[in-house]
Structure formats: structure tokens, C-alpha cells
Amino acid sequence: QVQLVESGGGLVQPGGSLRLSCAASGSIFSRYVMGWYRQAPGKQRELVANINSGGSTSYADSVKGRFTISRDNAKNTVYLQMNSLKPEDTAVYYCNAEIRPLNYWGQGTQVTVSS
């Protein structure tokens with residue numbers, strides 16, 4: 001069983017930055033594919049970015065060039081650096097850990113981009 005705890009959400013003005021963190025329990029964190037998803041009101045949950053055990057990353061087109069995912073295996077933590085935030089980035093952001101067939105979710109953290 002893996003527990004994921006997100007932090008770092010909040011209210012930010014358009015153009016601002018936030019860094020989300022997700023701390024994971026367990027001893028095999030380095031083997032997980034870690035991802036950040038988001039869900040806006042009335043919309044489906046979507047993949048924002050993920051990073052595999054080798055450090056390879058992928059991003060949704062809507063966040064490429066603005067968001068950066070990274071991981072620190074020594075701290076069992078994955079990060080999402082979000083720059084140049086837009087109102088359309090407003091959503092609940094969820095951390096995900098996957099090592100097939102297992103899949104774990106955090107409780108989510110709210111990100112609101114508004115002036």
C-alpha cells in the first residue's frame with residue numbers, strides 16, 4: 001500500500017508560479033511511474049505530466065514549456081513546478097503512483113489561478 005500526500009496548492013494570480021509536492025510512503029518509490037493529474041469542475045480528470053523510473057517525462061500539450069515534473073527518489077517525493085499559470089489551469093491536482101497493476105491516488109490539492 002502506498003500513501004500519497006500532496007501539498008503546495010493555493011491561489012495565485014495569472015502569470016504566477018506554484019510548486020506542488022507529493023510525498024509517498026513505501027520503499028520502492030523509485031520504481032513507480034509518478035504522475036500529476038488535474039480535474040476542473042465539470043470536466044474529466046486529465047494527465048498533466050508524468051515521470052518514469054528512469055527520469056523520462058511527458059507532458060500534456062497545454063502545459064508544455066510552462067510546467068516541469070521532477071522526482072527526488074531519496075525523499076520519496078515528486079514535484080510539479082508550474083510557471084506562467086493561466087486561469088484555465090484552475091483545478092484540483094492529484095498525485096498518482098503506478099506500478100502495474102497497482103495504482104494509487106492522493107487526496108488532491110486545489111490550484112486556483114485568478115486575479
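The values are calculated or read from the model by the stated rules, or taken from the named source; none is laboratory data. Quick caveat: nothing in here was measured; it's all calculated off a predicted structure. Every residue, glycine among them, receives a Cβ derived from its backbone with ideal geometry; neighbour counts consider all protein chains shown. In case anyone asks, the SASA skips ligands and DNA or RNA and just uses the protein heavy atoms, side chains included. Shrake-Rupley method; radii C 1.70, N 1.55, O 1.52, S 1.80 Å.
Things to note:
- Residue list for the range 72-96, filter: assigned to a strand (DSSP E or B) and in contact with a helix residue (DSSP H, G or I) (Cβ under 8 Å, 6 or more places away or on another chain): MET82
- Residue that is more than 18 Å from GLY106 (Cα to Cα) and of a type outside the set (A, V, I, L, M), where the choices are SER56, SER25: SER56
- If you go through the range 73-115 and keep only what is surrounded by 13 or more Cβ atoms within 10 Å (Cβ to Cβ) and more than 23 Å from LYS43 (Cα to Cα), you end up with ASN73, ASN76, THR77, VAL78, TYR79, ILE99.
- Cβ-Cβ under 6 Å pairs, at least 6 apart or on other chains, the range 64-86 side over 13 Å from ASN96 (Cα atoms), far side at pLDDT below 95 and surrounded by fewer than 18 Cβ atoms within 10 Å (Cβ to Cβ): ASN73/SER30
- Residue list for the range 8-31, restricted to those being under 14 Å from the mean Cα position of the chain (by Cα) and under 11 Å from VAL78 (Cα atoms): ARG19, LEU20, SER21, CYS22, ALA23, ALA24
- Residue in the range 1-48 that is surrounded by the most Cβ atoms within 10 Å (Cβ to Cβ), counting only those that are among the β-branched types (Val, Ile, Thr) and not in a loop (DSSP other than H, G, I, E, B): VAL48
- Evaluated against (1) open to solvent by less than 60 Å² (accessible area, probe 1.4 Å); (2) more than 15 Å from the chain's Cα centre (by Cα); (3) of a type in the set (A, V, I, L, M, F, W, C), ILE51 falls short on exactly one condition, (2).
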